[in-house]
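Some notes on the structure that comes next.
Any read-out appearing in this document is the output of simple, stated calculations on the displayed coordinates, not a laboratory observation. Predicted, not measured: the structure shown is a model, and the values here were computed from it. A quick note on method: Cβ atoms are made from the backbone with ideal geometry, for glycine too, and the neighbour counts reach across all protein chains shown.
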Amino acid sequence: MSMPVDQSRRALLLGRPGSGGVLRPPWAEREPHFLDRCTQCGDCLSACETGTLIKGGGGYPEVDFSRGECTFCTACVQACDAGAFSDPEQDAPWSYVATISQACLGMTGIYCRSCGESCEVGAIRFSFNQYRVPEPTVEVDACTGCGACVEGCPAQAVKVGP
Ligand code: SF4
Ligand code: SF4
Ligand code: SF4
């Protein structure tokens, strides 16, 4: 006898958007059919040049920015025979942006510009005040959510997410 499916519980287990914490690969976060189509084969993980994709809950791919950034190379999309991703030529990769917490060294009076030096698009700006060390802020319109700023932060103050 088949049991009725509790959709909200299934969503929680599989990490549907809004269920908290799970970061899907680029061109997957906004693809509504990603979890239905993904066969958990792991081909996207093997294709990822930076190793930022990991096998997450239920065997589905997730992004772990502590391992590396996303270069938006689209190798993961091209490796997927199941057609689980959306079209990189039509769609934005995701809605992710970086945020910086109060754990940032600059906010505790210690000089650090590591995240800004990692950001190729210059989305992290630092305050100027001759009496204080610089403090970073993220320009969300410029941030691509690539995650390059995450790994180098000595205070684990940078998070990237929706
Ligand atoms: S776009 Fe490239 S770097 Fe980004 S997750 Fe896919 S394979 Fe990895
Ligand atoms: S790398 Fe981390 S500690 Fe350093 S300025 Fe950026 S957020 Fe702050
Ligand atoms: S996620 Fe990428 S684009 Fe955004 S602030 Fe960090 S390094 Fe810059």
Heads up, the chain by the C-alpha gyration tensor (a ≥ b ≥ c square roots of eigenvalues; a/c under 1.5 rounded, else a/b over b/c prolate, else oblate) looks prolate
Which residues qualify? For Trp94, with a placed amide H closer than 5 Å and at least 5 residues away or on another chain, they are Trp27
Restricting to DSSP H runs of at least four residues, report the calculated mean residue ellipticity at 222 nm for the chain, -39500 (n - 2.57) per run over all residues, nearest 500 deg cm²/dmol.
-4000 deg cm²/dmol
Under Karplus coefficients 6.51, -1.76 and 1.60, residue-wise ³J(HN,Hα) of the stretch 22-31 in Hz, glycine/proline x:
7, 10, 6, x, x, 6, 10, 4, 9, 8
Take the alpha carbon gyration tensor of the stretch 97-161, find the square roots of its eigenvalues, order them as a ≥ b ≥ c, and report rounded if a/c is under 1.5; if not, report prolate when a/b exceeds b/c, else oblate.
prolate
At most 15 other Cβ atoms within 10 Å and a DSSP loop assignment: could you name the GluC sites (Glu not before Pro) in the stretch 66-147 that fit?
Glu89, Glu120, Glu139
Treating only the Cβ atoms of Lys and Arg (+1) and Asp and Glu (-1) as charged, compute the dipole magnitude of the chain about its Cα centre; round to the nearest 20 debye.
600 debye
In sequence order, what are the phi-derived ³J(HN,Hα) couplings for the stretch 90-101 according to the Karplus relation 6.51 cos²θ - 1.76 cosθ + 1.60 with θ = phi - 60°, rounded to whole Hz, with x for glycine and proline?
10, 10, 6, x, 5, 9, 5, 9, 7, 10, 10, 8
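Hey, fewest Cβ within 10 Å first, where do Asp64, Asp81 land in order? Write down the numbers at each step before the final one.
On the way: Asp64 14, Asp81 9.
Least crowded to most crowded, the residues run Asp81, Asp64.
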Options Leu45, Phe72, Cys112, ranked by Cα towards positive dipole end of the chain, top entry (Cβ charges)
Cys112
Under the Cβ-under-4.7 Å rule, which cysteines of the chain stay unpaired?
Cys38, Cys41, Cys48, Cys70, Cys73, Cys80, Cys104, Cys112, Cys119, Cys143, Cys146, Cys153
Under 17 Å by backbone N from the virtual spin label 7 Å along Cα-to-Cβ at Asp141, the residues of the stretch 82-116 are 97-98
